[in-house]
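Single-structure report; data block below.
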Amino acid sequence: MPRAVFPRLPALCAALLAVLLAAALPVRAEEAVRARVDAVSFSKSGDDQLLVSFRVVDAADARVAETLDSGLPVRFVFRVRLMRPSGLPFGGLVADKQFERVLEKDNLKNRYRVVEGEEKRDAASLEEALVRMGTVENYAVAPLSVADGGGVRVEIQVKLEEFRLPFHLHRILPFMNFWDVTTPWAFAAIPAELPKRP
C-alpha cells in the first residue's frame with residue numbers, strides 16, 4: 001500500500017506549491033473596478049505655477065470597503081506629468097510629479113480619515129472619504145513657462161493600492177489576497193488662457 005502512495009507524492013507537492021504561489025501573487029482588479037480620472041481643469045497661481053484640478057470617479061468597490069473594514073489602509077498614488085509632442089523641439093517628458101493619499105478607517109468610531117502628508121481630514125462615510133481621496137484641487141505641476149510654445153499636454157493616472165507588508169512579505173503569505181487598480185491615463189491639452197487663482 002505505501003508503494004502506491006509514494007509515487008504520487010511529488011505530483012501532490014507540485015500541485016500544492018502551484019496553488020500556494022498563485023494565492024500569494026497580487027490580484028489584478030482592473031476589470032472589476034472602473035475607476036477613472038475626470039473633470040480635468042487648469043489655472044495659474046499668483047507666482048505663475050501651472051495648477052491642475054481633477055477627480056477620481058467610480059473608485060468605490062467592495063474590495064475597498066472590505067480592506068478598510070479589516071483595519072488595513074488603502075492608498076491612492078497620483079501621477080501627473082507634462083508631455084511635449086516628440087516632433088517639437090525639446091519634445092518628450094517635461095515634468096513628472098507624484099504624490100499619495102492614504103485612507104484609513106477607525107472601526108471603533110466607524111469613521112474614515114484621509115491622510116496626505118501632515119494633513120488629516122475626517123469623513124463620516126466611505127462615500128465622503130472617497131470623494132475627498134479622489135478630489136485634487138489646484139495641484140502645482142510646474143512653472144507656467146514650460147508650456148510656452150504650445151503643444152504641451154497633461155497626463156494623469158491614479159493607482160489604488162491595498163496595504164502591503166514591508167520587505168515583500170506579502171509574497172510569502174498565501175492566505176493574504178492583495179489587489180490594486182490603475183486608472184487609464186487621462187489626457188488634457190493646456191489651454192492658451194488660464195484663470196488665475198490666489
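Checking each residue in segment 84-115 for being within 30 Å of residue 153 (Cα to Cα) and either charged (D, E, K, R) or at pLDDT 90 or above (or both) picks out 84, 96, 97, 98, 99, 100, 101, 102, 103, 114, 115.
Contact annotation: residue pairs with Cβ atoms under 7 Å, 6 or more positions apart or on different chains, pairing a residue in segment 45-64 that is within 15 Å of residue 132 (Cα to Cα) with a partner that is surrounded by fewer than 22 Cβ atoms within 10 Å (Cβ to Cβ) and among the basic types (Lys, Arg), are 57/36; 58/34; 58/36. Among the candidates 74, 115, 102, 136, the residue that is among the hydrophobic types (A, V, I, L, M, F, W, C) and over 23 Å from residue 186 (Cβ atoms) is uniquely 115. Every condition in (1) of a type outside the set (Gly, Ala, Ser); (2) crowded, with 16+ Cβ neighbours inside 10 Å; (3) modelled with pLDDT under 90 is met by residue 49 except one, and the failing one is (3).
Residue check: residue 82 meets all listed conditions (1) without any contact (Cβ under 8 Å) to a residue 40 or more places away in the chain; (2) not in a loop (DSSP other than H, G, I, E, B); (3) not aromatic (Phe, Trp, Tyr) but one, namely (1).
The values are calculated or read from the model by the stated rules, or taken from the named source; none is laboratory data. All figures in this text were calculated on a predicted structure; none of them were measured in a lab. All Cβ positions, glycine included, derive from the backbone under ideal geometry; neighbour counts span all protein chains shown.
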